[in-house]
Amino acid sequence: MRLESPTPDAPTAPRVEDGAPAPSAPGSTPVQKVAGVVIRFAGDSGDGMQLTGDRFTAETASLGNALATLPNFPAEIRAPQGTLPGVSSFQLQFADHVVLTPGDAPDVLVAMNPAALRANIADLPRGGVIIADADEFTKRSLQKVGYTVSPLEDGSLESYQVHALPLTSMTVEALKDSGLSRKDSERAKNMFALGMLSWLYDRPTEATERFLETKFAKKPQIRDANLTAFRAGWAFGETTEGFAVRYQVAPAEHPAGTYRNITGSTALAYGLATAAHKAGLPLVLGSYPITPASDILHALSGMKRFGVTTLQAEDEIAGVGIALGASFGGSLGVTTTSGPGLALKAETIGLAVMLELPLVVVDVQRGGPSTGLPTKTEQADLLQAMYGRNGESPLPVVAASSPTDCFTAAMEAVRIAVTYRTPVILLSDGYLANGSEPWALPSVADLPAIDPAQATGPNGAGDDGRPAFRPYLRDPETLARPWAVPGTPGLEHRIGGLEKADVTGEISYEPENHERMTGLRQAKVDGVAVPPLEVDDPVAPDGTRARVLVLGWGSTYGPIAAAVRDARAEGLQVARAHLRHLNPFPPGLGDALRSYDRVVLPEMNGGQLALLLRARYLVDVQSHGRVRGRPFSAGELLDVVRDAVAALPDHDSAAASPAAGAVAESPQEARR
Amino acid sequence: MSTTTTPLGLPGVRSGTEDVPRLPEGTTLSKKDFTAANEVRWCPGCGDYAVLAAVQGFMPELGLRKENIVCISGIGCSSRFPYYLDTYGMHSIHGRAPAIATGLAASRPDLSVWVVTGDGDALSIGGNHLVHAMRRNVNMTILLFNNRIYGLTKGQYSPTSEVGKVTKSTPAGSVDAPFNPVSLALGAEATFVARTLDSDRKHLTSVLRAAAEHRGTSLVEIYQNCPIFNDGAFDVLKDRDETQARLVRLEDGQEVRFGREDDQKVVVTAPGGGVEVVPAADAAGREVVVHDAAAADPTRAFALSRLDGPSMAHVPVGVFRAVARPTYDDLVRDQVDSARAEAGGAASDADLDALIAGGDTWVVR
Ligand code: SF4
């Protein structure tokens, strides 16, 4: 099913916009304009599929297409060659209109070996295009994945458009004068495939050539081999008669601005660094490597020039300890991790709750429990983020909704942490971390400043009436306590994990005080200023509003928005809202939930947000929870929306299910 | 009071407090300035009192501004220490003080960072952080109060308790082999390792002085008596006669020699790389060990640390090792500082714009 198509039963081949293919220079192959394409590159984890996907994405981005990507790789760095567990893939949707997801299913599957074909064929709709490296379909490779006969030859792929091409031997042939061994030459086959695909989809090649020149600047032989293979792939496309048409996808209409393509983890790192810059604070990251969060550590490690210090800790606990120590010293302390690491950091985060110091904890969620699915995505750490500490230890929780939104969400997490002197958990996930999309670059000067307002002098009077420092005297507005940094004369004080006496911060075991302080810590978090909930609920021509609300949080934004768009194109009335703030919830959320007959909540867990909302607002939120390690498809959520509308007690069934394909694609809808 | 510190005699070696702001010339602080108003709540007779008094008494000698001194502790009886020292302080969580102090020290070269910990805190629950702090050589002084028992949880054996120890959790006697903290520290690449006693104020202060002077992680093990749950653990080292017979005072550049007047002993090299104790009278023809804390090779220091055993027949105290090695925090800061200097100073908004734009942008009009 095509994600961007509001007519789910539309044919799966690339959509034709301009009618019949038209001939075009320079090659003789006719060019056909299509609205959008989903390509999946799949191969052995040693085949360089992520790099191939990245490069194709960069070419596509610079062409101005809208796009979204989904890398998918095994937990093992190099699983046994040619086996199913060793298959690595990279899916990309690009289009001339708004793209919300990497696409439910590929139109084109590039399979570099039998394992890649076997692992991915089920996702390819009938009629889809398969480009396979025929050289790799040897008896041995076929056997490894349980094929007795080659699927390229036994007719089992009859309902697809199959291009079985000797990619490996063509690469070796192209490199016969390179001086490289056969084995080394074969390694460039991904660049051959990239060149061929670049021709097929009419992508610009300069950026990839520049990239290869830089990447292999110190290895001229390898550089030349990759460039030669890349150009040979393009030339093969141009000369072969195997492809009946080439495709063109026109640039999407983006708002004016300067754009780049960016992954969630890079955007998140930039958001943290930018927020620290806007706050005038040095950023100190304490982190222990963990999939899929390590890329943030890598990115920040390269930002020393921006006053960013990164310490790779001995373990997860030390990572957050280092961050907290740095925050005590007046820096912005940050730690990055994934679910198992968040569990280890829990006690220190609890200390930060007690100390009331700024701290940002980034959890790039992955499949759990335990080691779970380290390279796959999930949203099942929400309750851990909310409650995974001993005692009453509330803290703000913020979630990013798309790769580019990771930048904004990171800035928001820093704002809250610094303003309210509190640990904040920022939730990303494996899909956001590795996925990418074009990003309209913000202007740093125009972003709001963050005021750390560190204490400079006494804020009260002692028993003797003389000026004194009261470490737990709160700001009446924010309930934040002063951030008094060592080195400030006259403010020497001791803080710790033992309960504090209100105002003075001395140790206190007094029952009334403990209850008061517990209430104050809760009230501070409850009072964090967050923007009111925005509900997308267009008024129908007859003046009515939707009776079904689809609510989401985090990375489900894309598939939910796509499903709602498609449902509306079918004539269904459905409202949509998305949460950035999980704690505190945005104002207006309870009223919004109560004002719909039905609230549907898709989330990649067993229903964690639904549980929180039911408890908090006593609304019968319908959970749609899945944990398959991959994002929802828009098609699946469209079914969920249809079912929710159909289940309304007095539902007019005609409106709910218009004849499939009866509603033409409307560009306005597609661009929403 | 003197504000000068003794250089280690190593060329180009910086003091541990070199980047910490000092008091104006002619100003001094007193012990009282470092005494917090909080009522001290250790059990009567606890060895912690003596250590606290020694530290409060020593602090003015550093000549530092007291707002630039920070004490971070973990959990345990001794970890209440920061509440009683009128500086900045943090009573953190069990075992994690070295990690928290690492973040503080790395980000603030202008602070003198002290960690107070115990045998359970540092060697059991926090063992990982302790060894990694020493390996990295973060500029901080760690005071490890070793009372060989869990006091705050009321008397379970600790990772330094002797085998066979009967406690609440080991009614049939502990079968756990103990750590020798000095040996552990030497094995963990520590650049400064010392041992002292709660009851010997003068020795304790001299060790504190050397530890504060050292740039890098200074580990100071302090034998500390817990009169409630492990009373008299170190009594054999406190009795005047016994002290002479057992306590081996390591003094740099001096032969390692101890014992009662009528029973002098020396430490000599032994086959296999170790050392052993022999009566001075029998030492003819043997190589008497001359202590060299600055020796690059820690082997001799390690051998000396092995003289100590659960029976405390011979207990070396003093500075086992003090060698110069670049500190982690200095190196980390150097990388950040040079990256900034190369780029022309602190980043501007435009620099951030350039960073987030990366190399591959396109413009939509
Ligand atoms: S239990 Fe022991 S170590 Fe703890 S305060 Fe009492 S005497 Fe000191």
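One table, with the values for the structure above:
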read-out: Dimensions in Å of the range A:535-670 - Rg and Dmax from alpha carbons; value: 14.5, 43
read-out: Long-range tail of P(r) for the range B:216-365 (Cα pairs > 21 Å, %); value: 62 percent
read-out: Positive-pole candidate from B:ALA354, B:ALA233, B:VAL323, dipole of chain B, charges at beta carbon; value: B:ALA233
read-out: Value in Å of the Kirkwood radius, where the range B:326-365 supplies the Cα pairs that are averaged; value: 12.3 Å
read-out: Stretchable slack from A:GLU515 to A:VAL149, in nm (0.36 nm times residue separation minus alpha-carbon distance); value: 124.5 nm
read-out: Approximate shape of chain B as ellipsoid semi-axes (Cα gyration tensor, √5λ), whole Å, largest first; value: 39, 25, 22
read-out: Alpha-carbon gyration tensor eigenvalues x 5, square-rooted, for the range A:453-529, Å; value: 21, 16, 11
read-out: Cα-centre dipole for the range B:1-160 with unit charges at Cβ (Lys and Arg positive, Asp and Glu negative), debye to 20; value: 320 debye
read-out: Paramagnetic reach from A:GLU241 (point 7 Å along Cα→Cβ, amide N under 20 Å) across the range A:165-199; value: A:165-166
read-out: Cα-based equivalent ellipsoid, the range B:1-138: semi-axes from gyration tensor eigenvalues, Å; value: 24, 21, 13
read-out: A:HIS624 accessible area, assembled protein chains, probe 1.4 Å, Å²; value: 40 Å²
read-out: B:TRP362/B:ASP33 FRET efficiency (R0 51 Å; Cβ-Cβ; nearest 0.05); value: 0.20
read-out: Virtual spin-label span in nm between A:ALA449 and B:ASP176, 7 Å along Cα→Cβ; value: 5.4 nm
read-out: Fraction of beta bridges assigned by DSSP in chain B that are antiparallel (%, nearest 5); value: 40 percent
read-out: Entries in A:LYS219/A:LYS376; A:LYS345/A:LYS500; A:LYS189/A:LYS215; A:LYS215/A:LYS278; A:LYS176/A:LYS215; A:LYS278/B:LYS66 that, when Cα-Cα distance is taken, lie over 25 Å; value: A:LYS219/A:LYS376; A:LYS215/A:LYS278; A:LYS278/B:LYS66
read-out: Two-site FRET efficiency, B:ALA341 against A:GLU209, from Cβ-Cβ distance with R₀ of 25 Å, rounded to 0.05; value: 0.10
read-out: Cα-centred dipole magnitude for chain A, charges only on beta-carbon of K, R (+1) and D, E (-1), debye, nearest 20; value: 1140 debye
read-out: For the range A:455-464, Karplus couplings with θ = phi - 60° (6.51, -1.76, 1.60), whole Hz, Gly/Pro x; value: 5, 10, x, x, 10, x, 10, x, 4, 7
read-out: Estimated distance in nm for a label pair at A:SER28 and A:ARG594, the labels positioned 7 Å out from Cα along Cα-to-Cβ; value: 7.3 nm
read-out: Interface burial for A against B (accessible surface, 1.4 Å probe, total of both chains, Å², rounded to 100); value: 5300 Å²
read-out: Where the range A:185-334 is the region considered: accessible area per residue in Å², 1.4 Å probe; value: 32 Å²
read-out: Most mobile of B:GLY47, B:GLY95, B:GLY164 in a GNM of chain B (Cα contacts under 10 Å); value: B:GLY164
read-out: Share antiparallel - DSSP beta bridges, the range B:59-195, percent rounded to 5; value: 10 percent
read-out: Pairs of alpha carbons in the range A:77-148 whose separation is greater than 14 Å (percent); value: 63 percent
read-out: FRET efficiency, 1/(1 + (r/R0)^6) with R0 22 Å, evaluated for B:ARG14 and B:THR205 via beta carbons; value: 0.45
read-out: List of the range B:98-115 residues, accessible area with partners at least 40 Å² below that of the chain alone (1.4 Å probe); value: B:ALA99, B:ILE100, B:GLY103, B:LEU104, B:SER107, B:ARG108
read-out: Farthest positive-ward along the protein assembly as shown dipole, Cα basis, beta-carbon charges - from A:GLN32, A:LEU268, B:GLY259; value: B:GLY259
read-out: Rg/Rh (Cα only; Kirkwood hydrodynamic radius) as it applies to the range A:25-248; value: 0.94
read-out: Rg and Dmax of the range A:236-323, Cα atoms only, in Å; value: 20.6, 62
read-out: Reachable aspartates and glutamates from B:LYS165, criterion Cα separation under 12 angstrom, eight or more residues apart if same chain; value: B:ASP176
read-out: Whole-percent pair-distance distribution, where bins are 10 Å wide, for the alpha carbons of the range A:314-450; value: 13, 43, 34, 11, 0
read-out: Average projection area in nm² (convex hull over Cα atoms of chain A, one quarter of hull surface); value: 32.9 nm²
read-out: Beta bridge orientation in the protein assembly as shown: antiparallel %, DSSP, nearest 5; value: 40 percent
read-out: Separation of the A:LYS176 and A:ALA647 label points, Cα + 7 Å toward Cβ, nm; value: 6.5 nm
read-out: Carbon/sulfur fraction of accessible area - chain B, other protein chains in place, 1.4 Å, %; value: 52 percent
read-out: Average partner coverage of B:346-355, which counts Cβ from other chains inside 10 Å; value: 6
read-out: Peptides B:36-46, A:542-552, B:288-298, B:100-110 ordered by average Cβ neighbours within 10 Å, highest first; value: B:100-110, A:542-552, B:288-298, B:36-46
read-out: Assigned charges on the beta-carbon of Lys, Arg, Asp, Glu; chain B dipole about Cα centre (debye); value: 580 debye
read-out: Additional length obtainable on full extension of the chain from A:GLU76 to A:GLU534, 0.36 nm per residue less Cα span; value: 160.7 nm
read-out: Order by protection proxy (mean Cβ within 10 Å, highest first), peptides B:166-173, A:140-147; value: A:140-147, B:166-173
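The values are calculated or read from the model by the stated rules, or taken from the named source; none is laboratory data. Owing to the predicted nature of the structure, the values given are computational and were not obtained by experimental measurement. Cβ coordinates were reconstructed from backbone atoms using ideal geometry, including for glycine residues, and neighbour counts include every protein chain displayed. Heavy atoms of the whole protein, side chains included, go into the accessibility calculation; ligands, DNA and RNA do not. Shrake-Rupley method; radii C 1.70, N 1.55, O 1.52, S 1.80 Å.
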